[in-house]
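First up is the structure itself, then whatever we jot down about it.
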Ligand SMILES: [Zn+2]
């Protein structure tokens with residue numbers, strides 16, 4: 001493969017030049033327009049990326065602005081590299097303008113340099129090197145330019161309804177080495193019409209996938225009664241809840257600690273803390289049930305959801321609550337291990353809530369990804385990684401999600417190397433010229449191995 005590396009090194013400046021060109025498009029999702037489902041800027045970036053691929057000698061196809069691809073080789077089966085051209089908004093605090101692609105100390109700065117324009121250009125140049133070196137291809141190769149990874153992945157259902165799935169592939173949009181397991185995610189709403197008695201309202205949380213840091217409850221009760229019970233409760237449990245007298249009633253304020261919904265064990269849930277105290281004031285069956293079966297736990301065990309797994313156990317986060325006018329609504333974020341299915345979770349949950357007369361509604365479902373560690377795809381990518389980095393590591397499991405959830409036979413592979421600072425979605429995102437070169441070699445070798 002020294003031959004391949006040599007071709008890649010010869011083309012290094014072309015690779016940098018084309019990446020800088022794509023960085024200059026502020027390809028943040030915008031208003032949909034005819035033929036531009038993700039807005040004008042994303043579309044301009046896709047158009048230019050396909051032009052570049054054509055200039056490099058590849059066949060290209062634009063799927064109505066949803067995404068596009070560059071292709072090389074013959075036959076029915078294909079190997080895919082799926083990255084994305086859209087970026088998150090630049091935010092504040094840049095030392096180099098976010099869309100100028102300035103170079104300093106052989107670093108290229110700009111939004112999208114590592115997430116995900118750099119990796120996708122690296123894959124394109126890796127494919128070019130295999131072709132230029134005259135190496136054989138048993139399967140066709142496609143570099144797919146996704147356009148909506150950062151705001152809902154609305155591009156991939158369109159791709160999958162128009163194209164056959166790849167036989168193997170990877171998405172260079174996470175970290176190294178290969179990711180063999182991604183948890184599935186379920187955002188659920190649990191609702192019930194109930195008599196809230198003297199509780200006028202309870203509100204807490206800002207999003208399903210965030211551990212709520214605050215929760216408020218308004219009570220139609222005597223202040224002195226509430227405050228004396230609260231004193232006793234705080235003494236007993238050490239939680240941070242305060243109360244005050246207002247014109248509208250007694251206001252309770254519960255303070256927790258925020259964390260990402262995929263890691264609820266790192267936070268402290270202000271909503272569940274509040275429900276723990278409300279139980280001392282009112283006897284409401286559903287609230288009692290939630291305290292017994294969820295409480296301050298985040299592994300779902302009390303609901304029969306315990307799914308321990310070497311790649312990370314199931315997690316459950318109560319992200320939001322809204323209770324008022326005789327109705328209670330709770331929003332859950334459940335992340336289950338890659339080996340399981342959505343149905344495994346929902347069946348167990350229905351069973352746990354059977355006596356409670358609640359309605360369980362799925363707001364969002366993202367499937368899990370799982371490949372055995374000895375699967376051809378994982379073994380191949382791990383082998384390439386080891387060859388170029390000299391590191392013998394285990395494949396990774398993550399709680400988050402990548403394009404691998406939307407297209408079969410793909411796993412995430414790179415681009416972040418160990419000890420590399422992760423500036424994705426932050427200011428001063430950059431890629432080193434030699435890092436881009438190494439990625440091109442790794443992705444070129446991976447494409448070659450999967451295509452043969
Ligand atoms: Zn990305």
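The values are calculated or read from the model by the stated rules, or taken from the named source; none is laboratory data. Just so it is clear, the model here is predicted, and its values are computed rather than measured. As a convention, Cβ positions derive from the backbone with ideal geometry for all residues, glycine included, and neighbour counts pool all protein chains shown.
Numbers at a glance
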read-out	value
Residues satisfying the stated conditions in the stretch 85-120, i.e. within 12 Å of residue 425 (Cβ to Cβ) and near the ligand (Cβ under 10 Å from one of its atoms)	87, 88, 112, 114, 115, 116
Residue list for the stretch 407-424, filter: within 15 Å of the ligand (Cβ to nearest atom), surrounded by fewer than 24 Cβ atoms within 10 Å (Cβ to Cβ) and within 18 Å of residue 378 (Cα to Cα)	407, 416
Residue match in the stretch 185-199 (condition: part of a loop (DSSP other than H, G, I, E, B), under 26 Å from residue 374 (Cα atoms) and more than 16 Å from the ligand (Cβ to nearest atom))	no
Single unsatisfied condition, residue 175 versus (1) surrounded by 24 or more Cβ atoms within 10 Å (Cβ to Cβ); (2) within 16 Å of the ligand (Cβ to nearest atom)	(1)
Index of the failed condition, residue 38 passing every other in (1) modelled with pLDDT of 95 or more; (2) closer than 27 Å to residue 420 by Cβ; (3) within 16 Å of the ligand (Cβ to nearest atom)	(2)
Single condition residue 88 does not satisfy, out of (1) modelled with pLDDT of 95 or more; (2) closer than 25 Å to residue 407 by Cα	(1)
Hits in the stretch 31-62 (condition: in a loop (DSSP other than H, G, I, E, B) and either in contact with a strand residue (DSSP E or B) (Cβ under 8 Å, 6 or more places away or on another chain) or at positive phi (or both))	35, 39, 56, 57, 58
Test: residue in the stretch 128-141 that is within 16 Å of the ligand (Cβ to nearest atom), touching a helix residue (DSSP H, G or I) at 6+ places or on another chain (Cβ under 6 Å) and over 21 Å from residue 26 (Cα atoms)	no
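Condition check ((1) touching a helix residue (DSSP H, G or I) at 6+ places or on another chain (Cβ under 6 Å); (2) over 20 Å from residue 329 (Cβ atoms)) across all residues:
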position	(1), (2)
243	yes, yes
247	no, yes
252	no, no
258	no, yes
262	no, yes
266	no, yes
273	no, no
283	no, yes
299	no, yes
